[in-house]
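First up is the structure itself, then whatever we jot down about it.
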């Protein structure tokens, strides 16, 4: 079994705003003295782990990331006939096992039941919380110290196994990410443009002219390069050495990476896209990104294609690394929609096997 799997993906997005900065405009990065559009790894990972591709392939093996577990416990205790005071106290006891509580004082929105930071709960932990709540409802008595030991080392949560978990107050239950995801960047220079728009009031008459609403939003378009490094051995370890689940997880990841886009402003831009090119590599060699291929922005001339030039630059850089360092992978497989070459089902099988 090869320890490392690497994915190099090119995806073309039409005008879109997939991932916004603090001003609402598409995120950017300066790479090789040229401004590029950027999609953060956080945005990509959330899109994948909450996608139908993950849900259909990994049902029952996905965690939940939330601050609000205390509110859920509180509501269930009240439904079970526990008094408000006791339910609040017990819900706090359970919630603070996963992080420091946001507030000590009761608030109108029950924010005193929230934890300060998002915690990623595994299916096992959620099941243990539900079982404890059922016991508390039945006996109408507070939880014991042993019963409150709800933190576990996840063995069935694929999203935690892939992308990791950090619990500041309980570092012994942290999980090291087996999948490292780079920020996606355009392979060429890209500009953020402004879309000025107006909306007309449908009840306007001839005597009532003008826009009912005026606004603007930023957008950009481009061909993005995405790099992903997977430690297959660590992923299998995180999943309790379950080989079958590891293979399912890898298959679901490739499916999501090549088909699922972040949901930012999709209703305004319908910028859904499949990957046009993907290269998968397997081996025990130290992983390395091929982003260096695009330090010089891709710039086609005449009838040349940005896509074809990007693929050529990527594959040339891969060959150059092999020439200098020796083979950087034991096996490779690609798909290219433009030719067309390869099948995505075969790429999934290559990665998952």
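Residue-wise test of (1) at pLDDT below 95; (2) over 27 Å from residue 26 (Cα atoms); (3) surrounded by 18 or more Cβ atoms within 10 Å (Cβ to Cβ).
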position	(1), (2), (3)
227	no, no, yes
253	no, no, yes
267	yes, no, no
271	yes, no, yes
282	no, yes, yes
318	no, yes, yes
322	no, yes, no
326	no, yes, no
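What pairs come up if the first residue lies in segment 133-150 and is over 12 Å from residue 86 (Cα atoms), the second is in a loop (DSSP other than H, G, I, E, B), and their beta carbons are under 6 Å apart, counting only those six or more places apart or on different chains?
Every condition considered, the pairs that remain are 148/97; 150/97.
Would you confirm whether or not segment 186-195 contains a residue that is at pLDDT 95 or above and assigned to a strand (DSSP E or B)?
For segment 186-195, residues at pLDDT 95 or above and assigned to a strand (DSSP E or B): present.
Looking only at segment 277-291, filter to residues that are in a loop (DSSP other than H, G, I, E, B) and over 20 Å from the mean Cα position of the chain (by Cα); which one of those is nearest to residue 184 (Cα to Cα)? Steps first, please.
The initial filter retains those residues of segment 277-291 that are in a loop (DSSP other than H, G, I, E, B), namely 284-290.
This time we only want the ones that are over 20 Å from the mean Cα position of the chain (by Cα), so: 284-288, 290.
Numbers: 284: 25, 285: 23, 286: 21, 287: 17, 288: 15, 290: 12 Å.
Looking at residues that are in a loop (DSSP other than H, G, I, E, B) and over 20 Å from the mean Cα position of the chain (by Cα), I get 290.
Out of curiosity, is residue 296 assigned by TED's automatic domain parsing to the domain that holds residue 344 and in a loop (DSSP other than H, G, I, E, B)? Quick ask: steps written out before the conclusion?
Working: assigned by TED's automatic domain parsing to the domain that holds residue 344: yes; in a loop (DSSP other than H, G, I, E, B): yes.
It is true that residue 296 is assigned by TED's automatic domain parsing to the domain that holds residue 344 and in a loop (DSSP other than H, G, I, E, B).
On the basis of being surrounded by 11 or more Cβ atoms within 10 Å (Cβ to Cβ), at pLDDT 95 or above and in a loop (DSSP other than H, G, I, E, B), does residue 177 make the cut? Break it down into steps so the answer makes sense when it comes.
Details: surrounded by 11 or more Cβ atoms within 10 Å (Cβ to Cβ): yes; at pLDDT 95 or above: yes; in a loop (DSSP other than H, G, I, E, B): yes.
Criteria met by residue 177.
One line per residue, one yes/no per condition, for (1) out of contact with any helix residue (DSSP H, G or I) (no Cβ under 9 Å at 6 or more places or on another chain); (2) surrounded by 16 or more Cβ atoms within 10 Å (Cβ to Cβ); (3) part of a helix (DSSP H, G or I); (4) at positive phi:
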site: 38; (1), (2), (3), (4): yes, yes, no, no
site: 60; (1), (2), (3), (4): no, no, no, yes
site: 86; (1), (2), (3), (4): no, no, yes, no
site: 99; (1), (2), (3), (4): yes, yes, no, yes
site: 104; (1), (2), (3), (4): no, no, no, no
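Report yes if residue 159 is in contact with a helix residue (DSSP H, G or I) (Cβ under 6 Å, 6 or more places away or on another chain) and more than 30 Å from residue 299 (Cβ to Cβ), otherwise no.
Values: in contact with a helix residue (DSSP H, G or I) (Cβ under 6 Å, 6 or more places away or on another chain): yes; more than 30 Å from residue 299 (Cβ to Cβ): yes.
In short, yes.
Anything in segment 162-174 that is touching a residue at least 40 places away in the same chain (Cβ under 8 Å), more than 21 Å from residue 287 (Cβ to Cβ) and either in contact with a helix residue (DSSP H, G or I) (Cβ under 7 Å, 6 or more places away or on another chain) or surrounded by 15 or more Cβ atoms within 10 Å (Cβ to Cβ) (or both)? List them, or say none.
The first filter runs over segment 162-174 and keeps only residues touching a residue at least 40 places away in the same chain (Cβ under 8 Å), leaving 162-163, 165, 167-170.
This time we only want the ones that are more than 21 Å from residue 287 (Cβ to Cβ), so: 165, 167-170.
Passing the criteria: 165, 167, 169.
Kindly list the number of the only condition in (1) within 30 Å of residue 246 (Cα to Cα); (2) touching a helix residue (DSSP H, G or I) at 6+ places or on another chain (Cβ under 7 Å); (3) assigned to a strand (DSSP E or B) that fails for residue 11.
(2)
Any chance segment 161-174 includes a residue that's assigned to a loop (DSSP other than H, G, I, E, B) and over 22 Å from the mean Cα position of the chain (by Cα)? Steps first, answer last, please.
Narrowing segment 161-174 to residues assigned to a loop (DSSP other than H, G, I, E, B): 164, 166-170, 174.
When the remaining residues are screened for being over 22 Å from the mean Cα position of the chain (by Cα), the result is 169-170.
Among the residues of segment 161-174, at least one is assigned to a loop (DSSP other than H, G, I, E, B) and over 22 Å from the mean Cα position of the chain (by Cα), which makes the answer yes.
Looking for something in contact (Cβ under 8 Å) with a residue 12 or more places away in the chain, closer than 27 Å to residue 309 by Cβ and surrounded by 13 or more Cβ atoms within 10 Å (Cβ to Cβ) - is there at least one such residue anywhere in segment 231-239?
No - not one qualifying residue is present in segment 231-239.
Report whether or not residue 302 is on the phi > 0 side of the Ramachandran plot and either assigned by TED's automatic domain parsing to the domain that holds residue 42 or outside any loop (DSSP other than H, G, I, E, B) (or both). Steps first, answer last, please.
Values: on the phi > 0 side of the Ramachandran plot: yes; either assigned by TED's automatic domain parsing to the domain that holds residue 42 or outside any loop (DSSP other than H, G, I, E, B) (or both): yes.
For residue 302, the condition - on the phi > 0 side of the Ramachandran plot and either assigned by TED's automatic domain parsing to the domain that holds residue 42 or outside any loop (DSSP other than H, G, I, E, B) (or both) - is met.
Scan segment 215-225 and give yes if some residue there is exposed (fewer than 15 other Cβ atoms within 10 Å of the Cβ) and more than 30 Å from residue 121 (Cα to Cα), otherwise no.
Our first condition is that a residue be exposed (fewer than 15 other Cβ atoms within 10 Å of the Cβ); within segment 215-225, this holds for 215-216.
After this cut, where a residue has to be more than 30 Å from residue 121 (Cα to Cα) as well, the list is 215-216.
The answer is yes, given that some residue of segment 215-225 is exposed (fewer than 15 other Cβ atoms within 10 Å of the Cβ) and more than 30 Å from residue 121 (Cα to Cα).
Scanning segment 69-84 for residues that are buried (at least 17 other Cβ atoms within 10 Å of the Cβ) and touching a helix residue (DSSP H, G or I) at 6+ places or on another chain (Cβ under 8 Å), which turns out farthest from residue 128 (Cα to Cα)? Full working, then the answer.
Just the residues of segment 69-84 that are buried (at least 17 other Cβ atoms within 10 Å of the Cβ), to begin with: 69-74, 76-77, 82.
In the following step, the residues that additionally are touching a helix residue (DSSP H, G or I) at 6+ places or on another chain (Cβ under 8 Å) were identified as 69-71, 73-74, 76-77, 82.
Details: 69: 13, 70: 14, 71: 16, 73: 12, 74: 15, 76: 14, 77: 15, 82: 19 Å.
It comes out as 82.
Has segment 209-216 got any residue that is touching a strand residue (DSSP E or B) at 6+ places or on another chain (Cβ under 7 Å), part of a helix (DSSP H, G or I), farther than 23 Å from residue 349 by Cβ and in contact (Cβ under 8 Å) with a residue 12 or more places away in the chain? Outline the logic, then answer.
Just the residues of segment 209-216 that are touching a strand residue (DSSP E or B) at 6+ places or on another chain (Cβ under 7 Å), to begin with: 211-216.
From the residues that got through so far, the ones that are part of a helix (DSSP H, G or I) too are none.
Checked against the condition, which is being touching a strand residue (DSSP E or B) at 6+ places or on another chain (Cβ under 7 Å), part of a helix (DSSP H, G or I), farther than 23 Å from residue 349 by Cβ and in contact (Cβ under 8 Å) with a residue 12 or more places away in the chain, segment 209-216 yields no hits at all.
The values are calculated or read from the model by the stated rules, or taken from the named source; none is laboratory data. What you are looking at is a predicted structure, and each value in this text was computed from that prediction instead of being measured. Because the Cβ atoms are built from the backbone with ideal geometry, glycine has one as well, and the counts that use them run over all protein chains shown.
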